[in-house]
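**Q** Quick one: this structure, given as structure tokens, is what I'll be asking you about.
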Amino acid sequence: MTASTFPPHEQSDNTGNTESRPHTSPDWWDHHRPINSDEYSDMALMLGALSILTFWIFGLGILLGAAAIGTALAARRPDTPGHDPSDNTAGIVGILTGIAGIAFGIVFLTAALPHL
């Protein structure tokens, strides 16, 4: 084994020895933890944005928009963990983007179907 040429105060703490450290999973890996209101709101926003981006794929934008509205409504339920009753904005952006994706998808389908 060769000695390190770095002085001890410049060596990194990551020595690769994982046996001395206890194994702890990250918080997002805990499958037994219920999804909280903020995570539902984030999912609704992502699904709504995807529904707007994919409105031109026959029906996919409509399905993603419906999923965005469903997850946004789940974020607004009072029995959702982490729901703050004074916060009325939970899921509003997800509902709006879901409605926009559904509307764009319906407009596209009504314009494209006669030409098929």
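FYI, it's all coordinate maths here, none of it is from the lab. A quick note: this is a predicted structure, and the numbers were derived from the prediction, not measured. Here the Cβ is made from the backbone with ideal geometry for all residues, glycine too, and neighbour counts use every protein chain on show.
**Q** Roughly what would the spin-label model give for Leu73 and Met46, points 7 Å off Cα along C-beta, in nm?
**A** That separation, rounded to one decimal, is 2.2 nm.
**Q** On a full-extension model of 0.36 nm per residue, what is the gain between Leu109 and Trp29, subtracting their alpha-carbon distance, rounded to one decimal in nm? Numbers along the way, then the final one.
**A** On the way: separation 80, 0.36 × 80 = 28.80 nm, distance 3.96 nm.
Contour length minus the Cα-Cα distance gives 24.8 nm.
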